[in-house]
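The values are calculated or read from the model by the stated rules, or taken from the named source; none is laboratory data. Note that this is a predicted model, so its numbers are computed, not measured. Cβ placement follows ideal geometry from the backbone for every residue including glycine, while neighbour counts extend to all protein chains displayed. For accessibility, only protein heavy atoms count, side chains too; no ligands or nucleic acids. Shrake-Rupley method; radii C 1.70, N 1.55, O 1.52, S 1.80 Å.
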Amino acid sequence: MIIDTHCHLDDARYDDIDSVIKNAFDNGINKIIIPGADINDLPKAAQIANSNENIYFAAGVHPYEIEGYDEAVLRQFAKDPKCIAIGECGLDYFRLPDDDIDGYKAKQKDAFISQINLAIELKLPLIVHIRDANEDSLKILKEYEDRLVGGVLHCFNASPILLELGSKFYYGIGGVLTFKNGKKLVEILPKIPLDRLVLETDAPYLTPEPHRGKRNEPAFTTYVADKMADILGMSRDEVESLTTQNANRLFGI
(Lines give C-alpha, C1' and ligand atoms only; values in the text may rest on other atoms or scores of the structure.)
Protein backbone atom coordinates (compact mmCIF):
# COMPACT_ATOMS: atom_id res chain seq x y z
CA MET A 1 0.00 0.00 0.00
CA ILE A 2 1.14 3.55 -0.79
CA ILE A 3 0.98 6.75 1.27
CA ASP A 4 0.69 9.94 -0.79
CA THR A 5 2.48 12.28 1.61
CA HIS A 6 1.63 15.49 -0.26
CA CYS A 7 -1.66 16.01 -2.10
CA HIS A 8 -3.70 19.23 -2.25
CA LEU A 9 -7.15 17.65 -2.05
CA ASP A 10 -8.49 21.01 -0.87
CA ASP A 11 -7.76 22.51 -4.30
CA ALA A 12 -10.80 23.85 -6.14
CA ARG A 13 -9.99 21.66 -9.14
CA TYR A 14 -11.20 18.66 -7.16
CA ASP A 15 -14.89 19.36 -7.68
CA ASP A 16 -15.27 15.56 -7.91
CA ILE A 17 -13.34 14.88 -4.74
CA ASP A 18 -15.34 11.82 -3.67
CA SER A 19 -14.50 10.10 -6.95
CA VAL A 20 -10.85 11.13 -6.69
CA ILE A 21 -10.57 9.68 -3.19
CA LYS A 22 -12.35 6.46 -4.18
CA ASN A 23 -10.11 6.06 -7.21
CA ALA A 24 -7.04 6.51 -5.02
CA PHE A 25 -8.09 3.88 -2.49
CA ASP A 26 -9.19 1.52 -5.27
CA ASN A 27 -5.68 1.78 -6.77
CA GLY A 28 -3.73 0.92 -3.66
CA ILE A 29 -3.31 4.31 -2.03
CA ASN A 30 -3.71 3.64 1.67
CA LYS A 31 -3.34 7.13 3.20
CA ILE A 32 -3.22 10.73 1.96
CA ILE A 33 -1.78 13.85 3.61
CA ILE A 34 -3.09 17.29 2.64
CA PRO A 35 -0.42 19.96 3.21
CA GLY A 36 -1.37 23.44 4.34
CA ALA A 37 -0.65 26.08 1.70
CA ASP A 38 -3.16 28.93 1.96
CA ILE A 39 -4.38 29.71 5.47
CA ASN A 40 -7.88 30.28 4.05
CA ASP A 41 -8.01 26.68 2.81
CA LEU A 42 -7.28 25.07 6.17
CA PRO A 43 -10.96 24.69 7.15
CA LYS A 44 -11.58 22.72 3.95
CA ALA A 45 -8.49 20.56 4.47
CA ALA A 46 -9.57 19.79 8.03
CA GLN A 47 -13.09 18.96 6.89
CA ILE A 48 -11.84 16.53 4.23
CA ALA A 49 -9.49 14.85 6.69
CA ASN A 50 -12.14 14.48 9.37
CA SER A 51 -14.61 13.04 6.85
CA ASN A 52 -12.26 10.28 5.70
CA GLU A 53 -10.55 7.78 7.98
CA ASN A 54 -7.23 7.54 6.13
CA ILE A 55 -6.79 11.20 5.17
CA TYR A 56 -4.78 13.65 7.28
CA PHE A 57 -3.75 17.28 6.96
CA ALA A 58 -0.99 19.67 7.94
CA ALA A 59 -1.30 23.27 9.14
CA GLY A 60 1.00 25.62 7.28
CA VAL A 61 1.46 28.51 4.90
CA HIS A 62 3.28 28.28 1.56
CA PRO A 63 5.96 30.97 1.02
CA TYR A 64 3.84 32.56 -1.72
CA GLU A 65 0.91 32.96 0.70
CA ILE A 66 2.72 34.63 3.62
CA GLU A 67 0.70 37.85 3.37
CA GLY A 68 -2.02 35.91 5.16
CA TYR A 69 0.29 34.35 7.70
CA ASP A 70 -1.14 34.02 11.20
CA GLU A 71 0.57 31.73 13.69
CA ALA A 72 -2.46 31.78 15.99
CA VAL A 73 -4.62 30.28 13.24
CA LEU A 74 -2.08 27.53 12.58
CA ARG A 75 -1.87 26.80 16.27
CA GLN A 76 -5.65 26.39 16.45
CA PHE A 77 -5.78 23.95 13.53
CA ALA A 78 -2.80 22.04 14.90
CA LYS A 79 -5.01 20.99 17.84
CA ASP A 80 -7.10 18.87 15.47
CA PRO A 81 -6.30 15.15 15.95
CA LYS A 82 -6.12 14.74 12.16
CA CYS A 83 -3.41 17.42 11.90
CA ILE A 84 -0.14 15.49 11.79
CA ALA A 85 2.43 18.08 10.65
CA ILE A 86 3.29 21.76 10.21
CA GLY A 87 3.70 23.04 6.64
CA GLU A 88 4.16 23.25 3.83
CA CYS A 89 6.47 26.09 4.65
CA GLY A 90 9.83 27.22 3.38
CA LEU A 91 11.50 29.51 0.89
CA ASP A 92 10.67 30.07 -2.78
CA TYR A 93 12.73 32.61 -4.72
CA PHE A 94 11.44 31.59 -8.16
CA ARG A 95 9.29 34.70 -8.46
CA LEU A 96 10.69 37.73 -6.66
CA PRO A 97 9.26 41.27 -6.82
CA ASP A 98 11.53 43.71 -8.61
CA ASP A 99 10.91 46.49 -6.11
CA ASP A 100 11.84 44.75 -2.82
CA ILE A 101 13.70 41.48 -3.26
CA ASP A 102 15.49 41.60 0.10
CA GLY A 103 12.32 42.54 1.96
CA TYR A 104 10.36 39.73 0.34
CA LYS A 105 13.04 37.18 1.20
CA ALA A 106 13.10 38.42 4.79
CA LYS A 107 9.32 38.00 5.11
CA GLN A 108 9.56 34.44 3.79
CA LYS A 109 12.33 33.62 6.27
CA ASP A 110 10.31 35.06 9.17
CA ALA A 111 7.25 32.96 8.29
CA PHE A 112 9.41 29.87 7.75
CA ILE A 113 11.19 30.19 11.10
CA SER A 114 7.88 30.86 12.86
CA GLN A 115 6.49 27.60 11.51
CA ILE A 116 9.68 25.72 12.40
CA ASN A 117 9.40 26.94 15.97
CA LEU A 118 5.75 25.93 16.07
CA ALA A 119 6.66 22.43 14.87
CA ILE A 120 9.34 22.21 17.56
CA GLU A 121 6.95 23.37 20.28
CA LEU A 122 4.16 21.00 19.25
CA LYS A 123 6.53 18.12 18.46
CA LEU A 124 5.16 17.75 14.95
CA PRO A 125 7.16 17.00 11.79
CA LEU A 126 7.78 19.77 9.27
CA ILE A 127 6.80 19.76 5.58
CA VAL A 128 9.33 21.92 3.73
CA HIS A 129 9.00 23.67 0.36
CA ILE A 130 12.24 24.83 -1.32
CA ARG A 131 12.55 26.40 -4.75
CA ASP A 132 15.59 28.35 -5.96
CA ALA A 133 16.59 28.88 -2.32
CA ASN A 134 18.76 25.91 -1.43
CA GLU A 135 21.53 27.71 0.46
CA ASP A 136 19.26 29.89 2.60
CA SER A 137 16.94 26.96 3.33
CA LEU A 138 19.80 24.66 4.31
CA LYS A 139 21.27 27.28 6.63
CA ILE A 140 17.96 27.69 8.47
CA LEU A 141 17.20 23.98 8.66
CA LYS A 142 20.68 23.12 9.94
CA GLU A 143 20.21 25.66 12.72
CA TYR A 144 16.99 24.06 13.94
CA GLU A 145 17.19 20.40 12.88
CA ASP A 146 18.41 19.08 16.24
CA ARG A 147 15.24 20.37 17.92
CA LEU A 148 12.80 19.13 15.28
CA VAL A 149 11.18 15.73 15.60
CA GLY A 150 11.53 15.31 11.84
CA GLY A 151 10.76 16.78 8.46
CA VAL A 152 10.37 16.12 4.76
CA LEU A 153 11.73 18.07 1.82
CA HIS A 154 8.59 18.05 -0.30
CA CYS A 155 9.18 17.66 -4.05
CA PHE A 156 12.89 17.20 -3.47
CA ASN A 157 14.67 19.32 -6.05
CA ALA A 158 17.74 17.07 -6.43
CA SER A 159 20.14 19.57 -4.88
CA PRO A 160 23.19 17.65 -3.54
CA ILE A 161 23.72 20.16 -0.73
CA LEU A 162 20.33 19.29 0.75
CA LEU A 163 21.60 15.76 1.37
CA GLU A 164 23.72 17.33 4.12
CA LEU A 165 20.69 17.31 6.42
CA GLY A 166 20.66 14.69 9.14
CA SER A 167 18.63 11.51 9.47
CA LYS A 168 15.56 13.35 10.77
CA PHE A 169 14.86 14.64 7.25
CA TYR A 170 13.12 12.65 4.55
CA TYR A 171 12.89 13.32 0.81
CA GLY A 172 9.55 13.51 -0.97
CA ILE A 173 9.72 12.02 -4.47
CA GLY A 174 6.94 12.74 -6.95
CA GLY A 175 6.09 12.96 -10.62
CA VAL A 176 9.25 14.83 -11.62
CA LEU A 177 11.04 11.47 -11.34
CA THR A 178 9.13 10.34 -14.46
CA PHE A 179 9.80 13.50 -16.52
CA LYS A 180 12.23 13.48 -19.45
CA ASN A 181 13.86 16.58 -17.91
CA GLY A 182 14.02 14.97 -14.46
CA LYS A 183 17.50 13.52 -15.01
CA LYS A 184 19.03 15.27 -11.97
CA LEU A 185 16.51 13.59 -9.68
CA VAL A 186 17.03 10.23 -11.38
CA GLU A 187 20.80 10.55 -10.83
CA ILE A 188 20.61 11.58 -7.18
CA LEU A 189 17.87 9.16 -6.09
CA PRO A 190 20.27 6.22 -5.44
CA LYS A 191 22.35 8.51 -3.18
CA ILE A 192 19.43 9.07 -0.79
CA PRO A 193 19.31 6.57 2.12
CA LEU A 194 16.45 4.13 1.54
CA ASP A 195 15.02 4.77 5.00
CA ARG A 196 14.47 8.44 4.12
CA LEU A 197 12.42 8.13 0.93
CA VAL A 198 8.68 8.89 0.79
CA LEU A 199 6.26 9.09 -2.13
CA GLU A 200 4.06 12.04 -3.05
CA THR A 201 2.12 13.50 -5.94
CA ASP A 202 1.82 17.24 -5.15
CA ALA A 203 -1.50 16.80 -6.93
CA PRO A 204 -3.12 18.52 -8.75
CA TYR A 205 0.36 19.64 -9.91
CA LEU A 206 3.34 17.78 -11.44
CA THR A 207 1.37 14.95 -13.02
CA PRO A 208 3.66 11.99 -13.81
CA GLU A 209 4.06 10.32 -17.15
CA PRO A 210 2.06 8.94 -18.90
CA HIS A 211 -0.62 11.43 -17.80
CA ARG A 212 1.45 14.61 -17.92
CA GLY A 213 -0.69 17.58 -18.97
CA LYS A 214 -3.74 16.27 -17.12
CA ARG A 215 -4.85 17.06 -13.57
CA ASN A 216 -2.78 15.04 -11.12
CA GLU A 217 -4.44 12.91 -8.45
CA PRO A 218 -3.26 10.61 -5.64
CA ALA A 219 -3.91 7.43 -7.63
CA PHE A 220 -1.03 8.45 -9.90
CA THR A 221 1.48 7.88 -7.07
CA THR A 222 1.68 4.36 -8.48
CA TYR A 223 3.60 5.62 -11.52
CA VAL A 224 6.18 7.25 -9.26
CA ALA A 225 6.52 4.00 -7.30
CA ASP A 226 7.09 2.07 -10.55
CA LYS A 227 9.79 4.50 -11.69
CA MET A 228 11.49 4.43 -8.30
CA ALA A 229 11.50 0.64 -8.32
CA ASP A 230 13.08 0.62 -11.78
CA ILE A 231 15.84 3.07 -10.83
CA LEU A 232 16.69 1.41 -7.52
CA GLY A 233 16.50 -2.15 -8.83
CA MET A 234 13.71 -3.04 -6.43
CA SER A 235 10.29 -4.57 -6.86
CA ARG A 236 7.19 -2.40 -6.72
CA ASP A 237 6.13 -4.21 -3.52
CA GLU A 238 9.48 -3.41 -1.93
CA VAL A 239 9.16 0.29 -2.79
CA GLU A 240 5.62 0.41 -1.42
CA SER A 241 6.65 -1.29 1.82
CA LEU A 242 9.75 0.84 2.26
CA THR A 243 8.14 4.23 1.61
CA THR A 244 5.07 3.38 3.68
CA GLN A 245 7.21 2.43 6.67
CA ASN A 246 9.16 5.67 6.27
CA ALA A 247 6.03 7.81 6.04
CA ASN A 248 4.45 6.09 9.05
CA ARG A 249 7.65 6.66 11.04
CA LEU A 250 7.86 10.33 10.10
CA PHE A 251 4.23 11.29 10.54
CA GLY A 252 3.22 8.86 13.25
CA ILE A 253 0.26 7.54 11.32
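Results, tabulated for the structure shown:
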item: Hull-based mean projected area of segment 83-195, where the convex hull spans the alpha carbons, in square nanometres; result: 7.6
item: The chain: most fluctuating residue of PRO218, PRO81, PRO35 per GNM, C-alpha cutoff 10 Å; result: PRO81
item: Alpha-carbon Rg/Rh ratio, for segment 15-108, with Rh computed the Kirkwood way; result: 1.07
item: Within the chain, helix-based [θ] at 222 nm, where runs of 4 or more DSSP H residues each add -39,500 (n - 2.57), nearest 500; result: -11500 deg cm²/dmol
item: Per-residue ³J(HN,Hα) for segment 155-170, Karplus 6.51 cos²θ - 1.76 cosθ + 1.60, θ = phi - 60°, Hz, x for Gly and Pro; result: 6, 3, 8, 6, 6, x, 5, 6, 6, 6, 5, x, 6, 6, 9, 10
item: Förster radius 41 Å - calculated FRET efficiency between SER19 and ILE161, Cβ distance, rounded to 0.05; result: 0.50
item: Carbon and sulfur %, accessible surface of the chain computed with the full protein complex present, 1.4 Å; result: 48
item: For segment 145-253, the Rg and Dmax computed from alpha carbons only, in angstrom; result: 13.3, 41
item: Of the chymotrypsin sites (Phe, Trp or Tyr not before Pro) in segment 33-75, those whose Cβ has at most 10 other Cβ within 10 Å and which sit in DSSP loop; result: none
item: Surface accessible to a 1.4 Å probe, per residue, for the residues of the chain, Å²; result: 44
item: Label point 7 Å beyond Cα of TYR104 along Cβ direction - residues of segment 126-164 with amide nitrogen under 15 Å; result: 131-133
item: Among the listed pairs LYS105/LYS139; LYS44/LYS183; LYS44/LYS79; LYS191/LYS214; LYS82/LYS168, those beyond 24 Å (Cα-Cα); result: LYS44/LYS183; LYS191/LYS214
item: Rounded if a/c under 1.5, otherwise prolate or oblate - the chain, Cα gyration tensor axes; result: rounded
item: Given charges at beta-carbon only (K, R positive; D, E negative), |dipole| of the chain in Debye; result: 580
item: FRET E, pair HIS211, ASN30, Förster distance 25 Å, beta-carbon r, rounded to 0.05; result: 0.75
item: Cα-projected label distance for ASN54 with GLN245, points at 7 Å along beta-carbon direction, nm; result: 1.9
